[in-house]
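Student: If you scroll down you'll find the structure; I have some questions about it.
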Amino acid sequence: AAPIVGITGAENIVLHLYGRAGCGKTMLNRAVASIFVNPFETGAIPSANSTAAALEHFFNGRRDLPTLIEDFDSIDATDKRTQSTLRNLPYNFGNGIGRSRAKAQGGLRKTIEYRGTLITNGEQPLTSDNSKGGAKRRLIELECAKDMVTPKVAEKIDDVIRDNHACIGREWIQYIQDNRSRIIEKAKEIRKSMFKVGNKHNLVPRHMDILASIYVANDAFDVFAGFKDCCGKFETDCLDRIKPKLPSNDEISDVHRVKQFITDWILSHLDNLQHNEKGDTRAYECYGINLADCFGIYPTVMKKVLTDNGYAPSVETTCR
């Protein structure tokens, strides 16, 4: 789908696959990369343990091609700078623009732009409960709950990749250029269908745009390779196979997640909420008042709690 993103004006595609070691994530990355390069060559699939500048230049060099990053769990937990780079990865690649930098002699360097597909993997999700909603909207995270193939089959797939890598990439891109008008029209049709599904089930519009690009590429590749169309009706396929794995707008809303966090926090700090009873002279750190039918948390306490746990304090006012 990477070469199709630019010509159809779609959003950049960001996917993160996570699951236990040995489930087939690396094999899948190699299979995707093998369309254009030899995935077994050093540097073909970079490790997540890279600097922000290195990743920017790698993204720029792979414009309109699939970009893959391997093993997010290789990052040292104490390396705060790299951890910050990874947290911002969905924003940076999703937006398609790198950091602005100044020249030594004055002025600004040319800003690096990204376009295409980014696929990452690791044993844990890329985002967490306190990740900003914008990050969750810019990527699709899919759990590999079970092994994709047996070890024996995975070994055979690796052998096939070694013998046949970079065989069809050039022809695939040429096909896209030769059939540009047809692909653009098909993209409009599929995107309209995807957004119809998204609106009906309150799914994230950006996720629908990512799915639309994948389906457009599937449709074009079926014709290119002479395969029988296996996608079927787009709406049905999305609902049956993809929708259960996608969060709704409400689930990734900052307000929704902060409300859930505040509820859990209150339940775990009930002893620090003063009861509205006369004669209660217990000495403890007090965070608020426990009334008969509600809790009142002191604003300074709530602001600190939200900030310390990675949430924006401004969201708290909408959750009172």
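The values are calculated or read from the model by the stated rules, or taken from the named source; none is laboratory data. Computed from a prediction, not measured in an experiment: that's the story for all the values here. So basically every Cβ, Gly included, is an ideal-geometry build from the backbone, and we count neighbours across all protein chains shown.
Student: Does region 198-209 contain any residue that is modelled with pLDDT of 90 or more, within 10 Å of residue 4 (Cβ to Cβ) and either in a helix (DSSP H, G or I) or touching a Cys at 6+ places or on another chain (Cβ under 7 Å) (or both)?
Tutor: No, region 198-209 contains no residue that is modelled with pLDDT of 90 or more, within 10 Å of residue 4 (Cβ to Cβ) and either in a helix (DSSP H, G or I) or touching a Cys at 6+ places or on another chain (Cβ under 7 Å) (or both).
Student: Please verify whether residue 17 is in a helix (DSSP H, G or I) and either under 21 Å from residue 165 (Cβ atoms) or among the acidic types (Asp, Glu) (or both), treating the condition exactly as stated.
Tutor: Against the criterion (in a helix (DSSP H, G or I) and either under 21 Å from residue 165 (Cβ atoms) or among the acidic types (Asp, Glu) (or both)), residue 17 does not qualify.
Student: Further question: For residue 51, state whether it is touching a Ser or Thr at 6+ places or on another chain (Cβ under 9 Å), of a type in the set (Val, Ile, Thr) and surrounded by fewer than 12 Cβ atoms within 10 Å (Cβ to Cβ).
Tutor: Details: touching a Ser or Thr at 6+ places or on another chain (Cβ under 9 Å): yes; of a type in the set (Val, Ile, Thr): yes; surrounded by fewer than 12 Cβ atoms within 10 Å (Cβ to Cβ): yes.
Taking the combined requirement at face value, the residue satisfies it.
Student: Would you check if residue 195 is within 19 Å of residue 117 (Cα to Cα), surrounded by fewer than 19 Cβ atoms within 10 Å (Cβ to Cβ) and modelled with pLDDT of 85 or more?
Tutor: no
Student: Give the residues of region 134-166 that are part of a loop (DSSP other than H, G, I, E, B) and loosely packed, with under 12 Cβ neighbours inside 10 Å, sorted by residue number.
Tutor: Keep residues of region 134-166 that are part of a loop (DSSP other than H, G, I, E, B), which gives 138-139, 144-150, 165-166.
145, 146, 150 - these are the residues of region 134-166 that are part of a loop (DSSP other than H, G, I, E, B) and loosely packed, with under 12 Cβ neighbours inside 10 Å.
Student: Here is a check on your reading of the model: is residue 41 farther than 25 Å from residue 131 by Cβ and of a type in the set (Asp, Glu)?
Tutor: Considered against the rule, which asks whether it is farther than 25 Å from residue 131 by Cβ and of a type in the set (Asp, Glu), residue 41 comes out as yes.
Student: Right, next: Exactly one of these conditions fails for residue 131: (1) outside any loop (DSSP other than H, G, I, E, B); (2) modelled with pLDDT under 90; (3) within 28 Å of residue 260 (Cα to Cα). Give me its number.
Tutor: Only one criterion in (1) outside any loop (DSSP other than H, G, I, E, B); (2) modelled with pLDDT under 90; (3) within 28 Å of residue 260 (Cα to Cα) is unmet by residue 131, namely (1).
Student: Answer yes or no: is there a residue in region 179-191 that is free of Cβ contacts under 8 Å to residues at least 40 places away in the same chain, of a type outside the set (D, E, K, R) and under 26 Å from residue 36 (Cβ atoms).
Tutor: yes
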